[in-house]
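Here the structure comes first, spelled out in structure tokens, and everything after it is commentary.
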Amino acid sequence: MLNIPRSEHPKPQFQRDNWVNLNGEWQFQIDNELSGEEKGWYDPQKNFSEKITVPFCPESALSGIEHKDFMYGVWYKRTFTITEKQIAGRVFIHFGAVDYEATVYINGKKACTHKGGYVSFKAEITKYVVCGENTVTVFARDDVRSGLTPRGKQSDKYHSYACLYTRTTGIWQTVWLEFTEKNYVKNIRMYTEIASPSVTLITELSGSGKLEITASYEGKTVGSFCADNASGSMTVNLPLSEKHLWEPGHGRLYDLEIRFCSDIVKSYFGLRTVELDGMKFLINGKSVFQRLVLDQGFYPDGIYTAPSDEALLNDIKLSLAMGFNGARLHEKVFEERFLYYCDKMGYIVWGEYPDWGCNFYDPKNIYSVLPEWIEEVNRDFNHPAIIGWCPHNETGPIDGKKQYEESIRLVYKVTKALDSTRPCIDTSGYVHVETDIFDTHDYEQNTETFRKNYEKLITDGELYDGQKDNQKYEGQPIFISEYGGIQWSEDKNSWGYGNAPKTPEEFKLRFKELTEVLMQNEKIFALCYIQLTDVEQEQNGLYTYNRQPKFEPEFFKDILSQKAAIEEE
């Protein structure tokens, strides 16, 4: 198939050469009655009436469908060819993301199901495929208004409104086939140590045989390991002959090659540590002030899906140009190629989850959030750019009903059990239950009021908190994880926080004064400005939705480049 959209490998940190990209034209059918399965639409002989361009969701222009109304069920179908050599080993099908509940059929037989619209999944389909032509059919169910479906910033109304935007249904990331030998590498988890330096690898292997691991830096071998009879779960400590630290602004990635029997996996890692020290956040033992921006990961033509690989990298470059050193990846699980560029650029990010859409007073929501959150933490554990986790956002009272606190606490505890190397914020902004970091959201637009709000933090340790009736600050490190949101648009129907400035000069002065209040406070280790780009009607971005700067980037960079009170030179 020619002109395959998003043709790059979707997993740069776990990459094999033997793979086939299945993006491009698929058959497509909307099934709002949810009766397609009963009608046998999984039958390879059944044809659908429309064509869609995968991996773009049917709501998007790039999909060729651009259907904006609610879709409770959608079907996809296409054929692919497998050679005799490929079928001799194992065959896997991968999905970057399918929103929300996916059922995959191969040649009319159910191969797997997956619940969760944001994290990648795979299935071994060796027993379902034949040499020659095969058919894959995908059915996706989605109901963003159920109260039990994590939907992030997808609108629960027909139109987008306020800070909720166009929905994403069905396949929205790359679909691909992968071919391995009978014996293959199933998974790798990496732990780095900067003092030694070394990397410890926990490898999960299927079968038994010779295992060879090689680490290199800029083409030079800096560590190696060999075992003649490896199998199962094997822990390998790999001393490194050279130390190159991953840090903000400098990716300095090591390449990694894992050979197991005839299977070859290419990967990489970054050498860095993160820890909390009193009120400070340390990266490699050094206090770093996090100058973050909120990134929601929406695109005008692709919605949740970037139109190209270059567009992913460009968003990071736009942020860096304005002086930010990282981002909150907000209410969305970003694709692995975006995280790869974060790793490569030394761009610090928080791994978050799209929990909006869940009624957190309902204990049953733990079954909606926790399984996919576990998948996300396990999938993204090895990315050095991720310096913390935040599974929830603004889980305060809904219609007078309090959140079910034990659900928030359980997700926090599971996160710490899965990953002891990073801090975890239980729920961003409010209402905190058990957390390593206390963060707040403050959209005060009056700069003098904003300044007074945080003076008491220095003088007597009292944190200003708009949610003080619902939560209590207990001395944790402090992160102002949402502020600003200054509206700037010529569109009178646009939406933003507070009163909009009347002139460019007023906008700049407000940004400068709000930002410097936080940077000059010795008790605050991070800020997050709202937001990087406009998204549809929410027009408080520093760039337009089409990624054009509203003001010269150098203005923001000059302000953010100042030394913060809490950080070291």
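The values are calculated or read from the model by the stated rules, or taken from the named source; none is laboratory data. Predicted model only: the values in this text are computed from it and were never measured. A quick note on method: Cβ atoms are made from the backbone with ideal geometry, for glycine too, and the neighbour counts reach across all protein chains shown. In case anyone asks, the SASA skips ligands and DNA or RNA and just uses the protein heavy atoms, side chains included. Shrake-Rupley method; radii C 1.70, N 1.55, O 1.52, S 1.80 Å.
Is it the case that G147 is within 17 Å of Q537 (Cβ to Cβ) and open to solvent by less than 20 Å² (accessible area, probe 1.4 Å)? It is false that G147 is within 17 Å of Q537 (Cβ to Cβ) and open to solvent by less than 20 Å² (accessible area, probe 1.4 Å). Limited to the stretch 366-385, what total is found for residues that are surrounded by fewer than 23 Cβ atoms within 10 Å (Cβ to Cβ) and among the hydrophobic types (A, V, I, L, M, F, W, C)? Number of matching residues: 5.
Note on the stretch 156-183: residues that are in contact with an Asp or Glu (Cβ under 6 Å, 6 or more places away or on another chain), closer than 20 Å to L205 by Cα and open to solvent by 20 Å² or more (accessible area, probe 1.4 Å) amount to 1.
Restricting the stretch 184-211 to residues that are charged (D, E, K, R) and farther than 29 Å from I82 by Cα, which is most open to solvent (accessible area, probe 1.4 Å)?
Top of the filtered list is E193.
Residue count for the stretch 47-70 satisfying the condition of being assigned to a strand (DSSP E or B) and over 21 Å from the mean Cα position of the chain (by Cα): 4.
Residue by residue through the stretch 5-33, note down the ones that are part of a loop (DSSP other than H, G, I, E, B) and open to solvent by 50 Å² or more (accessible area, probe 1.4 Å). Spell out the reasoning first.
Of all residues in the stretch 5-33, those part of a loop (DSSP other than H, G, I, E, B) come to 5-14, 16-18, 22-23, 31-33.
Once the filter is applied, which keeps residues that are part of a loop (DSSP other than H, G, I, E, B) and open to solvent by 50 Å² or more (accessible area, probe 1.4 Å), the stretch 5-33 yields S7, D17, N18, N32, E33.
Out of V119, V130, report the one residue that is open to solvent by 30 Å² or more (accessible area, probe 1.4 Å), of a type in the set (V, I, T) and part of a loop (DSSP other than H, G, I, E, B). I'd like the intermediate steps shown before the answer.
On the way: V119 fails: open to solvent by 30 Å² or more (accessible area, probe 1.4 Å).
Step by step, each of V119, V130 is checked, and only V130 is open to solvent by 30 Å² or more (accessible area, probe 1.4 Å), of a type in the set (V, I, T) and part of a loop (DSSP other than H, G, I, E, B).
Of all residues in the stretch 381-399, those satisfying the criterion of being in contact with a helix residue (DSSP H, G or I) (Cβ under 6 Å, 6 or more places away or on another chain) and either touching a residue at least 60 places away in the same chain (Cβ under 8 Å) or assigned to a helix (DSSP H, G or I) (or both) are H383, P384, A385. Scanning the stretch 483-517 for residues that are in contact (Cβ under 8 Å) with a residue 12 or more places away in the chain and acidic (D, E) yields D491, E513, E516. Which members of the stretch 454-471 meet the condition of being over 32 Å from the mean Cα position of the chain (by Cα) and either closer than 16 Å to E482 by Cα or in a loop (DSSP other than H, G, I, E, B) (or both)? Selection gives G461, E462. Remark: E275 falls outside the filter, which requires a residue to be surrounded by fewer than 24 Cβ atoms within 10 Å (Cβ to Cβ), outside any strand (DSSP E or B) and among the acidic types (D, E).
For the stretch 62-82, enumerate the residues that are open to solvent by 50 Å² or more (accessible area, probe 1.4 Å) and either touching a Cys at 6+ places or on another chain (Cβ under 7 Å) or more than 30 Å from E181 (Cα to Cα) (or both).
In the first step, residues of the stretch 62-82 are kept if they are open to solvent by 50 Å² or more (accessible area, probe 1.4 Å); the result is 62, 64, 66-69, 72, 79, 81.
Hits for the stretch 62-82 are L62, G64, E66, H67, K68, D69, Y72.
Checking the stated criteria, E522 turns out to be loosely packed, with under 15 Cβ neighbours inside 10 Å, in contact with a helix residue (DSSP H, G or I) (Cβ under 7 Å, 6 or more places away or on another chain) and under 27 Å from W389 (Cα atoms).
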